[in-house]
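What follows is a single structure, written as structure tokens, with notes after it.
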Amino acid sequence: EPRLGLGAVAAAPPAFAAAQPGAAAMADSYRRSLRCSASRSAAAPACVDAVLEMTGDLLCIRTMHVSYTDRHGLRRQCSQTGYSVKIFLPASVTDIEVSFSVVGGAVVHQVDRSQRDMPWVRSPSGNPVVEVFKYPTPPEHLQFFVRGPSLHSYVAGVDERQRGESLLEMVSRDFHCARTLHVSYTDSTGARQHFSGTGYNVTCHLPSSARDVEVTFAVLGGRPVNKIDRRDPSLPWVQDANGQRLPEIFLYATCPPCAQYEIRGPPWQTYISQVYEQISRSSLAGEIPASDSCGGLREREDGRELFDVVPHAVPAIGGIIGLSTPHSEFLLPPEVLLFEPRATEIHHRGESDKRGTRLIFLNTPLADFETAALREFRQLLAKRDIIAAASDPMPRCIETHALRMLQSCKYDAAKAADMMKTCIAERVRRLPIAEADVLEDLRNGFIYWHGRDRHCRPCLVIRLDRLGEMARDKERAVRTVIFALEYALRFAMVPGRVENWVVIVDLQNVLSIVSPLHIASMSRTAAAIGTTLEKVYCGRMVWIKIVNMPGNGVLSRAVNSLIPSEKKDKISLPDDPAAALRDSFESNQLEQRYGGTAPDLGPEETYPFHFFPNPRGEVARHSPPSEQVDAGTEDASVTASGSSSNEHCEAEDCSMHEWTSLAFHEGASWDRSFPAVQERWVEAAAGASLTPQAAAALAQVADAEAQPCRSMSQWMELMNPEALSTQCTMRPYSRSFIGEMQQEALHEESTPGDAATGCAQEDVSEVEDTPASRLPEFDQLSQASAWSLSWPWASCSLAACQ
């Protein structure tokens, strides 16, 4: 599709609405948006007069760079990275410059937004021109819409408005006809106001106080735009009981900060193909710590708008929304973030040259036969018109799962395509799932996460005797299972490092739920859960242990004898669960009923899910390789000096999940099936958290240097570099990282207020919170003798932004 340019000018009062030169679909807005380090609350401080906002699509992660002259005449710089980011500036700054880059180093170049196809602007010598926006004084609110892949990102539109205004925008995705945007709303006086603007791209600025907002569309000439079902890939028309098409009407009790409507189709079949609505931060204020969080802290959850789209555009992970229950404070510790899998953890038994053995699929190099299988799969999808060309992006909901599906189907492309349909039917159509909708079932204790094994893999516990009414309600059971599994994928996994889980199925008292009257419904429920685990989430389970089988061990021994020898290390029915699990877990990771030291959980205690510190154990962290898990296995991750490949891992009792994003947990498949496919991920991969093995492989593929991530300071530089260069408050992660920050603080000068940070001065206490004033606290924390202290939310002031 062509990149969009200027359509017709909207017929509206200049102060109220205007057609913009170019437009971009705003995707993932405010989800994971990064707050400026000066902001101490969910809303902009009263002393801040300028808001700079970048809203991007999901093709890559970008950085907005801002430089300006502060009130002391000093030149300052700050930046934010993410899909959608926001920076607040004080009114006293001047000579503002705004530019953009893609994570990995590519700069965003200028396009001519006055033309429909938006060609690149080139210098007299023929080179592309870097896009830089300059403002002598700060505007109240600037929003930049950035689109395109990593190597071809561009600013498709710029909206300037007052800080008390909201944006409604109609974006034409073709040029078959001109369309009209109709908006009506009730203003602060209670009077009903109306607006209409006609063109290809029409923008309407509403006062944020507007309520009872109604948005409709029409084709030039009067034909209304009718409603379609955007959740169905075939996009059918929505009809009433008489078969009449319903008009497309959007109603809002209060005006959203920003809403964009993509419109397309010929005059007689025009429809709204996508809707992007920005979430007001005030609605999340109760869920986000205001005074105890860093400027780079991520949103706690993903927005519903990510999943209210056509199935092929649904993210590959996530889809659980409305999370009000606190996460475990040990959900994603640095030890897991920096875990370096060995050969036996990347491939089953370390057999990398054997088909069907891969366990780690993302952010890691693929074998030639796997690349060939992906090429064949892409060609089949193109032949079936699922994608336009074999080198085009696959549906987002399965792109990172494609190789898993192929391996599960023994590399049969046709069977993998059928599995893709099953994934869409069983997972995508049920998303998003709100916590409130499954909370009661989660607290039945039927399925829950409890700790990690020594390979940092989360442990899923299934207690069939707690199914209760879900045993006869297939849909309730499947939604609960999907919520639990998506929770792990979204918050507990690390692509390229930890991608699998282990399962304990407890059959204790299972006969109590079996009733001859409900055999049929229970069979359907069991089959649906089996399909979910086997096909929708294929390639995730490393092993499953079925414990407490009825029959005093006779039945379990009989079933064990029927399991093929090559499957016994994946499926087993141990007579003594404690003995069978002892070699896989630290004792604090298991409930006492399974041989651990953690208390046994009642049904209502299983959610929120339980995670614990130090899953690998002190012995595994500090012993030589021969004494570690998988003893005797040599691989490239063990150094010549005999030290463990995980010697840089930091066992810690705090979780970093609030610093990660959906894109971080989604990862990327290093698919080299076509040059265009490789081009889409290779640059972003250089900015990812990579193991040494993956970094070395990427350097060969990309012919560029790629650095492995082996410490928390490196990880923070990748995920949120501003946290290392901006005065803010943040949660400490580990003794070693605190020591690094302490050393940096000793060599940095920090000046109070906006002169030091480029942000507004808020109160005297924050101004006086310098690195020097915090050194005693640093000393106290860095000298802690135990790894498993319960860190409070503590404040630390880092070096000033340079």
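The values are calculated or read from the model by the stated rules, or taken from the named source; none is laboratory data. The structure presented is a predicted model; accordingly, all values stated were derived computationally and were not measured. Cβ sites come from the backbone with ideal geometry, for glycine too, and all protein chains shown count toward neighbours. Ligands, DNA and RNA are excluded from the accessible area calculation, which covers all protein heavy atoms including side chains. Shrake-Rupley method; radii C 1.70, N 1.55, O 1.52, S 1.80 Å.
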Margin query: Checking the conditions here, which among Pro233, Pro247 is in contact with a helix residue (DSSP H, G or I) (Cβ under 6 Å, 6 or more places away or on another chain) and not aromatic (Phe, Trp, Tyr)?
Written below: Pro233
Check: Taking segment 424-476, which residues are open to solvent by less than 20 Å² (accessible area, probe 1.4 Å), part of a loop (DSSP other than H, G, I, E, B) and under 19 Å from Asn509 (Cα atoms)?
Finding: Gly445, Phe446, Leu467
Item checked: Identity of the residue in segment 129-141, surrounded by 15 or more Cβ atoms within 10 Å (Cβ to Cβ) and at pLDDT 90 or above, that ends up nearest to the chain's Cα centre (by Cα) -> Glu131
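Please go through segment 698-712 and give me each residue that is within 17 Å of Phe361 (Cβ to Cβ) and open to solvent by 20 Å² or more (accessible area, probe 1.4 Å), ordered by number. Full working, then the answer.
To start, the set of residues in segment 698-712 that are within 17 Å of Phe361 (Cβ to Cβ) comprises 698, 701.
Listed by number, the list holds a single entry, Val701.
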Notebook entry, point to check: How many of the residues making up segment 75-89 are more than 25 Å from Glu305 (Cα to Cα) and open to solvent by less than 10 Å² (accessible area, probe 1.4 Å)?
Noted result: 1
Item checked: Residues of segment 191-231 classified as farther than 18 Å from Gly164 by Cα, assigned to a loop (DSSP other than H, G, I, E, B) and either open to solvent by 10 Å² or more (accessible area, probe 1.4 Å) or touching a Cys at 6+ places or on another chain (Cβ under 9 Å) (or both), total -> 10
Margin query: If Arg300 meets every condition in (1) at pLDDT 85 or above; (2) open to solvent by 10 Å² or more (accessible area, probe 1.4 Å); (3) closer than 29 Å to His610 by Cβ apart from one, which number is that one?
Written below: (1)
Notebook entry, point to check: Does Arg245 satisfy the criteria of being free of Cβ contacts under 8 Å to residues at least 40 places away in the same chain and either open to solvent by 40 Å² or more (accessible area, probe 1.4 Å) or within 26 Å of His141 (Cβ to Cβ) (or both)?
Noted result: yes
Notebook entry, point to check: Among the helices (runs of 4 or more DSSP H) confined wholly to segment 317-422, which include 3 or more residues that are over 29 Å from Pro675 (Cα atoms) and open to solvent by less than 10 Å² (accessible area, probe 1.4 Å)?
Noted result: 334-337
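Here's a check for you: in segment 142-164, which residue that is more than 27 Å from the chain's Cα centre (by Cα) and assigned to a strand (DSSP E or B) is surrounded by the fewest Cβ atoms within 10 Å (Cβ to Cβ)?
Initial filter on segment 142-164 (more than 27 Å from the chain's Cα centre (by Cα)): 160-164.
With assigned to a strand (DSSP E or B) added as a condition, the list becomes 160-161.
On the way: Glu160: 13, Arg161: 19.
Here the answer is Glu160.
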Margin query: Filter segment 181-190 down to the residues that are β-branched (Val, Ile, Thr) and not in a strand (DSSP E or B) and list them by number.
Written below: Thr189
Next item on the list: Go through (1) under 25 Å from Pro256 (Cβ atoms); (2) part of a loop (DSSP other than H, G, I, E, B); (3) of a type outside the set (A, V, I, L, M) and name the single condition His176 misses.
Entry: (1)
Check: So Met118 fits all but one of (1) hydrophobic (A, V, I, L, M, F, W, C); (2) over 25 Å from Met716 (Cα atoms); (3) open to solvent by 50 Å² or more (accessible area, probe 1.4 Å); what number is the exception?
Finding: (3)
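Residues checked against (1) under 26 Å from Ala316 (Cβ atoms); (2) modelled with pLDDT of 85 or more; (3) of a type in the set (A, V, I, L, M, F, W, C):
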site	(1), (2), (3)
Pro615	yes, yes, no
Arg621	no, no, no
Thr639	no, no, no
Glu652	no, no, no
Ser655	yes, no, no
Arg680	yes, yes, no
Leu690	yes, yes, yes
Note to self: Taking the conditions exactly as written (at pLDDT below 85 and not in a loop (DSSP other than H, G, I, E, B)), does Ala50 satisfy them or not?
What the structure shows: yes
Note to self: So in segment 369-390, with the set limited to residues that are in contact (Cβ under 8 Å) with a residue 60 or more places away in the chain and of a type outside the set (Val, Ile, Thr), which one is farthest from Gly356 (Cα to Cα)?
What the structure shows: Ala390
